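Colleague: Before anything else, here's the structure in question.
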Amino acid sequence: MNPFERIVNRYKTVPKVDLAQGRSIAYSRSTTRRLMELIDANAHGNVHGGVIMRMVDESAAIVAIKHSQLPTVVTARVERFDFLAPAYIGNVVTIHCEMNYVGRSSMEVGVEVMAEDLITGEVRHIASSNVIYVALDENRKPTPVPPLVPADDEEKAIVERARIRRMHKQKIDEELKRAEEKKD
């Protein structure tokens with residue numbers, strides 16, 4: 001059996017997720033680290049933005065998979081991927097991810113990217129983003145995920161900021177859609 005068949009067979013029957021059992025932000029929080037090497041950078045030693053973006057997508061997906069307990073989540077939107085400073089060959093890039101908001105089948109994961117110079121010990125905040133995932137069932141259709149239940153006041157504040165941001169984004173999307181419809 002080839003490795004791809006093994007992966008497909010492994011997830012043919014996924015246990016049912018208890019949608020009544022909410023999860024806290026801390027439940028699925030994740031940190032990923034990787035040493036930046038020559039292949040990750042350009043001729044000047046700066047790590048490619050695409051390398052950072054791929055690491056972010058993979059790291060944030062871990063949070064979405066853990067929260068949903070489903071093997072298939074897809075990236076639906078990347079919001080405001082802000083590069084603040086470069087990472088260099090030899091830096092360790094750390095991706096901190098945590099769930100910010102959960103809808104019916106969508107999940108917003110907040111991401112903070114740090115770069116550490118192992119020789120000097122300098123740690124720099126180099127990027128931030130919010131990545132939206134949608135959980136899919138075995139037919140590749142959106143499927144419900146457990147709710148996000150804040151465990152304390154700090155988590156409540158994170159969820160509330162994300163809820164307000166989401167409402168604002170939905171309003172902007174609706175206005176853009178109406179503007180496009182008027183053009184036609």
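Colleague: Test of understanding: among R33, R80, which residue is over 29 Å from N139 (Cβ atoms), modelled with pLDDT of 95 or more and assigned to a strand (DSSP E or B)?
Modeller: R33
Colleague: Name every residue in the range 64-89 that is on the phi > 0 side of the Ramachandran plot and crowded, with 16+ Cβ neighbours inside 10 Å, in order of residue number.
Modeller: If the condition is that a residue be on the phi > 0 side of the Ramachandran plot and crowded, with 16+ Cβ neighbours inside 10 Å, then Q69 is the only one that fits.
Colleague: Regarding A151, is this residue within 27 Å of L19 (Cβ to Cβ), part of a loop (DSSP other than H, G, I, E, B), small (G, A, S) and touching a residue at least 24 places away in the same chain (Cβ under 8 Å)?
Modeller: Spelling it out, A151 is indeed within 27 Å of L19 (Cβ to Cβ), part of a loop (DSSP other than H, G, I, E, B), small (G, A, S) and touching a residue at least 24 places away in the same chain (Cβ under 8 Å).
Colleague: Please identify the pairs in which a residue from the range 1-19 that is surrounded by 10 or more Cβ atoms within 10 Å (Cβ to Cβ) and among the β-branched types (V, I, T) has its Cβ atom under 9 Å from the Cβ atom of a residue that is modelled with pLDDT of 70 or more and part of a helix (DSSP H, G or I), counting only partners at least 6 apart or on another chain.
Modeller: Filtered contacts from the range 1-19: V17/S68.
Colleague: Among the residues of the range 64-74, is any over 18 Å from V134 (Cα atoms) and part of a helix (DSSP H, G or I)?
Modeller: no
Colleague: Looking at the range 129-155, which of its residues are crowded, with 17+ Cβ neighbours inside 10 Å and either small (G, A, S) or in contact with a strand residue (DSSP E or B) (Cβ under 7 Å, 6 or more places away or on another chain) (or both)?
Modeller: S129, N130, V131, I132, Y133, V134, A135, L136, T143, V145, P146, L148 - these are the residues of the range 129-155 that are crowded, with 17+ Cβ neighbours inside 10 Å and either small (G, A, S) or in contact with a strand residue (DSSP E or B) (Cβ under 7 Å, 6 or more places away or on another chain) (or both).
Colleague: If you scan the range 125-168, which residues turn out to be closer than 19 Å to A26 by Cα and hydrophobic (A, V, I, L, M, F, W, C)?
Modeller: Of everything in the range 125-168, those that are closer than 19 Å to A26 by Cα and hydrophobic (A, V, I, L, M, F, W, C) turn out to be V131, I132, V145, L148, V149, A151, A157, I158, V159, A162.
The values are calculated or read from the model by the stated rules, or taken from the named source; none is laboratory data. Keep in mind that this is a model prediction, so the values were computed, not measured. Note that each Cβ is placed from the backbone with ideal geometry, even for glycine, and that neighbours are counted across all protein chains shown.
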